[in-house]
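Read through the structure below, which is laid out as structure tokens, and then see the notes.
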Amino acid sequence: MIPINDLSRGYNLYHEEYEAKAIEVLRSGWYILGKEVTEFEKEYAEALGGNCYCASVDNGLDAITLGLKAAGIEPGDEIIVQANGYIATMLGIMQCAAIPIFVEPDEYYQLDYKNIEPAITPKTKAVLVTHLYGLATRMEPIIEICKKHNLMLFEDCAQSHFAPYKGTYTGLFGDASFFSFYPTKNFGGYGDGGGVVSKNPDIIKKVKVLRNYGSDYRYHNIELGCNARLDELQAGLLRIKLKHIKKLLANRDHIAQRYLAEIKNPNVSLPEIPDGCVHTWYQFVVRVNNQEKFRSFLEQKGVSTDISWKVPPYLQPIMIEKFGYKKGIFPITENICDTIVSLPMMDFMEDSEITKVINEVNNYEG
Ligand SMILES: Cc1ncc(COP(=O)(O)O)c(C=O)c1O
């Protein structure tokens with residue numbers, strides 16, 4: 001069976017370096033907020049192009065929650081997001097007692113800038129873009145709208161590490177950006193992890209206070225903080241991965257380019273990339289009319305698939321309970337949920353495996 005992902009493959013490529021770093025950290029006698037975290041934060045900001053700062057945290061959800069709080073989001077503020085985004089983005093907003101306002105995505109699955117202005121109300125405080133599946137969103141029109149209406153702009157980059165838009169990496173376009181280093185992510189660690197990136201040092205400083213009991217220095221608490229620190233072991237392992245991320249992204253691109261060139265089946269629509277945007281292939285998402293038939297055909301042929309996601313965030317039980325959303329309000333999103341299928345994509349695949357996926361997808365008769 002070809003898996004949808006196999007995290008041991010990326011690990012095995014550099015296992016000696018990871019293991020050496022793990023032993024180094026374990027033997028150091030220092031496990032929380034030490035040299036590895038400090039160096040990782042510096043190196044990550046530099047890898048994104050310098051001109052920004054990073055505060056590491058314990059996961060992507062806390063990156064969103066603490067990043068929004070640090071940037072000044074307050075209870076009752078409305079934040080515009082795409083309806084086909086991930087539930088964690090909405091939870092981060094709601095942890096701030098702010099309100100996610102959903103709008104339909106464009107044909108590339110990204111927030112459609114044309115839907116922002118009609119969703120603006122006197123309570124709108126920000127737009128939060130998720131660069132979904134590893135593809136950078138077209139940011140220029142969104143930046144313009146945010147400037148025109150004096151809105152803050154945030155980016156959820158949990159799926160888009162090192163995905164450039166017009167030569168600049170995602171995460172550098174707004175007031176703050178939120179990263180997940182969850183193991184399946186293109187830049188994922190070996191446990192939970194996350195980060196807030198911003199060009200504004202005050203936001204980063206505040207996240208660092210919030211993540212550590214609201215403490216600005218030892219035993220001095222100035223904010224209603226929490227414990228959301230990245231640990232030294234994860235930071236050390238992420239530093240190793242950072243050295244190899246370009247090669248790992250190139251491996252994903254090799255898989256994607258073969259899929260794009262060789263999958264030729266009128267029943268299967270391939271992903272498209274708008275001008276100026278680069279795809280880093282967190283997921284390779286195709287569209288089919290009959291999702292279940294396609295998935296069970298591939299399953300029988302030994303190819304695993306997945307759906308990200310079958311139920312959109314606004315139709316999750318907790319969101320229905322809180323906001324009373326009903327099926328049918330976002331038809332573009334619901335059509336996406338009913339027709340998307342992710343093909344195997346990971347840090348490394350043998351060419352024979354890529355060929356098998358391509359052949360089986362081409363054999364599907366619809
Ligand atoms: C778009 C998006 N936002 C936020 C998250 C949350 O990240 P984490 O799992 O590290 O909390 C994820 C991943 O799980 C994600 O895909």
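Looking at segment 57-82, which of its residues are under 15 Å from the mean Cα position of the chain (by Cα) and within 22 Å of residue 329 (Cβ to Cβ)?
Residues satisfying the conditions are 81, 82.
For the condition in a helix (DSSP H, G or I) and either of a type in the set (A, V, I, L, M, F, W, C) or not assigned by TED's automatic domain parsing to the domain that holds residue 160 (or both), what is the one hit in 101, 80, 73, 64?
The unique qualifying residue is 64.
A quick yes/no check of all residues on (1) of a type in the set (Asp, Glu); (2) within 12 Å of the ligand (Cβ to nearest atom); (3) within 15 Å of the chain's Cα centre (by Cα):
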| residue | (1), (2), (3) |
| --- | --- |
| 126 | no, no, no |
| 131 | no, yes, yes |
| 141 | no, no, no |
| 147 | no, no, no |
| 164 | no, no, yes |
| 169 | no, no, yes |
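Within segment 268-291, is there a residue that is assigned to a helix (DSSP H, G or I) and crowded, with 16+ Cβ neighbours inside 10 Å?
yes
Per-residue answers, yes or no, for (1) over 27 Å from residue 308 (Cα atoms); (2) of a type outside the set (A, V, I, L, M); (3) touching a Ser or Thr at 6+ places or on another chain (Cβ under 8 Å); (4) away from the ligand (no atom under 16 Å from the Cβ):
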site: 36; (1), (2), (3), (4): yes, yes, no, yes
site: 48; (1), (2), (3), (4): no, no, no, yes
site: 57; (1), (2), (3), (4): no, no, no, no
site: 63; (1), (2), (3), (4): no, no, yes, no
site: 76; (1), (2), (3), (4): yes, yes, no, yes
site: 82; (1), (2), (3), (4): no, yes, yes, no
site: 89; (1), (2), (3), (4): no, yes, yes, no
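Cβ-Cβ distance below 8 Å, separation of 6 or more or different chains: which pairs start in segment 117-136 with a residue that is within 18 Å of residue 93 (Cβ to Cβ) and end on one that is within 16 Å of the ligand (Cβ to nearest atom) and among the charged types (D, E, K, R)?
Pairs that qualify, where the first residue is within 18 Å of residue 93 (Cβ to Cβ) and the partner is within 16 Å of the ligand (Cβ to nearest atom) and among the charged types (D, E, K, R), are 128/155; 128/156; 129/155; 129/156; 130/155; 130/156; 131/155; 131/156.
Can we say residue 217 is at positive phi and either of a type in the set (Phe, Trp, Tyr) or away from the ligand (no atom under 16 Å from the Cβ) (or both)?
no
Let me confirm something: among 67, 50, 72, which residue is within 25 Å of residue 162 (Cβ to Cβ) and touching a residue at least 60 places away in the same chain (Cβ under 8 Å)?
Just a single option satisfies the conditions, and that option is 67.
The values are calculated or read from the model by the stated rules, or taken from the named source; none is laboratory data. Because the structure is predicted, anything quoted here is derived from the model rather than measured. Glycine gets a Cβ as well: all are built from the backbone with ideal geometry, and neighbour counts include every protein chain shown.
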